[in-house]
Amino acid sequence: MPPPANRGRMRVPTPMTTPTPALRALDLPARTSSLYPEPFRSRVLPREKRALGDTFGLESFGVSLTVLHPGAESSMRHWHSHEDELIYVLDGEVVLVRDSGEQVLGPGMVAGFRAGETDAHQLVNRSERPATYLEVGSRDPRDAASYPDVDLAARRDAAGNWLFFHKDGSSY
């Protein structure tokens, strides 16, 4: 979702430097900022994203452990041209907002979004406590994200990082 979703995932591999094959996810550093430009950045904060896949040098897909605090949105409502996404709720409650309606998701619930499907989506924490979920997504360098509700468009650069534009193509 970062993106976003990612949903705004920044692809900066940080391969493991120890021979440990497994780590406690909550011991990894959390990114508490957002790649979105304002006025969108403040809508997704506060949130914490731990790039689990990057920790192990995974390149074909990304996995993030995300904590979304009360009142925050996971991303702007969006869809991807070339990336599949999946979210799995571990704790708390979020509302999945799509063109086709809203659904409350709680622990053990999963939702998936196929590349190219234009039913835009986002998660919103309307509860009074944090929600924790896994985000899994492919990392297709051809990907672009469309945001039907706001003046925002995104695409990946050659290094896999997200670039954000106004819908008229001008940069933020």
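The values are calculated or read from the model by the stated rules, or taken from the named source; none is laboratory data. Predicted, not measured: the structure shown is a model, and the values here were computed from it. Positions of Cβ are backbone-derived with ideal geometry, glycine not excepted, and every protein chain shown enters the neighbour counts.
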The stretch 8-36, subset in contact with a Phe, Trp or Tyr (Cβ under 8 Å, 6 or more places away or on another chain) and modelled with pLDDT of 50 or more, residue farthest from Gly62 (Cα to Cα): Tyr36
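One line per residue, one yes/no per condition, for (1) over 21 Å from His166 (Cβ atoms); (2) assigned to a loop (DSSP other than H, G, I, E, B); (3) of a type in the set (Phe, Trp, Tyr):
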site: Leu26; (1), (2), (3): yes, no, no
site: Pro29; (1), (2), (3): yes, yes, no
site: Ser34; (1), (2), (3): no, yes, no
site: Arg43; (1), (2), (3): no, no, no
site: Asp54; (1), (2), (3): yes, no, no
site: Gly57; (1), (2), (3): yes, yes, no
site: Gly62; (1), (2), (3): yes, no, no
site: Val67; (1), (2), (3): yes, no, no
Limited to the stretch 70-80, what total is found for residues that are within 16 Å of Ala131 (Cα to Cα), in contact with a strand residue (DSSP E or B) (Cβ under 6 Å, 6 or more places away or on another chain) and in a loop (DSSP other than H, G, I, E, B)? 3
Qualifying positions in the stretch 92-108 - within 23 Å of Leu45 (Cα to Cα) and either small (Gly, Ala, Ser) or within 17 Å of the chain's Cα centre (by Cα) (or both): Gly92, Glu93, Val94, Val95, Leu96, Val97, Arg98, Leu105, Gly106
Reported set for the stretch 110-143 where residues are surrounded by fewer than 18 Cβ atoms within 10 Å (Cβ to Cβ), hydrophobic (A, V, I, L, M, F, W, C) and part of a strand (DSSP E or B) is Val110, Leu134
Given the conditions (1) modelled with pLDDT under 95; (2) touching a Gly at 6+ places or on another chain (Cβ under 9 Å), report the number of the one that Tyr88 does not fulfil. (1)
Residues of the stretch 109-148 satisfying the condition of being of a type in the set (Ser, Thr, Tyr) and over 20 Å from Ser42 (Cβ atoms): Thr118, Thr132, Tyr133, Ser138, Ser146
Restricting attention to the stretch 66-99, the residues that are surrounded by fewer than 21 Cβ atoms within 10 Å (Cβ to Cβ), touching a His at 6+ places or on another chain (Cβ under 9 Å) and acidic (Asp, Glu) number exactly 1
Go through the stretch 81-109 and report how many residues are in a strand (DSSP E or B) and farther than 25 Å from Leu28 by Cβ. 8
